[in-house]
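In what follows, a structure is listed as structure tokens, so that the remarks can point back to it.
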Amino acid sequence: MGCGRVGSTLAKDFQALGHSVAVIDRDREAFRRLGADFNGLTVAGMGFDRDTLLGAGIQRADAFAAVSNGDNSNILAARVARETYGVASVVARIYDPARAEIYQRLGIPTVATVLWTTDQIMRRLLPQGSRSEWQDASGKVHLAEIPFHRKWYGKPVSLIEQHTDARVAFVTRLGEGLIPDEHTVLQEGDAIHVIVKDENLSSTEASLALPPSGEQR
């Protein structure tokens, strides 16, 4: 639901992957964003209206994305898709961070656009800090790439978890991701990506900016 820049891009990407796609928007002119190569279904109407949803084939849908420019419309449509028609995978885009947290607690997966965007901009304006790559709708849990002191090279990844309140999700090495185990040792050029609570992000950055305990600078 929603054929703006995000909705039209999603529709074209899913079609390119071989999926059948239906797009709902109140404005028929919005469908022009889909381009001449789009062969899915387009339905003009309100995305939370049952007749509109049925016309788009909601009863056969495996997934539903509510990405219009209205928070209320997105949440209402997402709830109808999930609760009335039993769509297994549902997600709603939410601009208001406070609402995003509430709906996430209600079990409605949300993408909190404002929180994610502001976090990404801040991390790029503060290059010495961590770079957040994902956060939950409440903004309380981050997946972040955090720079670390060169003295960590040659140390086991598990040592990071002993020195911080973070959990290492994966390591990027030579352009490829790897999931570390107890034998994984950090090498020069590695980038580490950790799961950490927002309240512990600063302390984790500070710990990794220093050598491991007992090491000389």
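The values are calculated or read from the model by the stated rules, or taken from the named source; none is laboratory data. All figures in this text were calculated on a predicted structure; none of them were measured in a lab. Cβ: placed from backbone, ideal geometry, glycine included. Neighbour counts: every protein chain shown.
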Subject >> Subset of segment 4-19 that is touching a residue at least 24 places away in the same chain (Cβ under 8 Å) and closer than 19 Å to SER89 by Cα - its residue that is surrounded by the most Cβ atoms within 10 Å (Cβ to Cβ) >> reply: ALA11
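Can you tell me which residue in segment 81-101 is modelled with the highest pLDDT, limited to those that are in contact with an Asp or Glu (Cβ under 9 Å, 6 or more places away or on another chain) and farther than 21 Å from ARG5 by Cβ? First the steps, then the outcome.
Keep residues of segment 81-101 that are in contact with an Asp or Glu (Cβ under 9 Å, 6 or more places away or on another chain), which gives 87-89, 92-96, 99-101.
Okay, now just the ones that are also farther than 21 Å from ARG5 by Cβ, so 87-89, 99, 101.
Values: VAL87: 93, ALA88: 86, SER89: 90, ARG99: 78, GLU101: 72.
Within segment 81-101, the match that is modelled with the highest pLDDT is VAL87.
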**OP:** Name the residue, out of TYR95, TYR103, that is of a type in the set (Ser, Thr, Tyr) and either within 21 Å of ALA30 (Cβ to Cβ) or in the same structural domain as GLY139 (by TED's automatic domain parsing) (or both).
**Re:** TYR95
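So, of the residues in segment 54-82 that are small (Gly, Ala, Ser) and within 17 Å of GLU101 (Cα to Cα), which turns out to be surrounded by the fewest Cβ atoms within 10 Å (Cβ to Cβ)?
Only one residue fits best here, namely GLY70.
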Original post:
Do we find that ILE108 is out of contact with any Lys or Arg (no Cβ under 8 Å at 6 or more places or on another chain) and in the same structural domain as ARG26 (by TED's automatic domain parsing) in this structure?
Top reply: no
Subject >> Exclusive hit being hydrophobic (A, V, I, L, M, F, W, C) and either closer than 24 Å to GLY139 by Cβ or modelled with pLDDT under 95 (or both), set ALA30, ALA61, ALA77 >> reply: ALA77
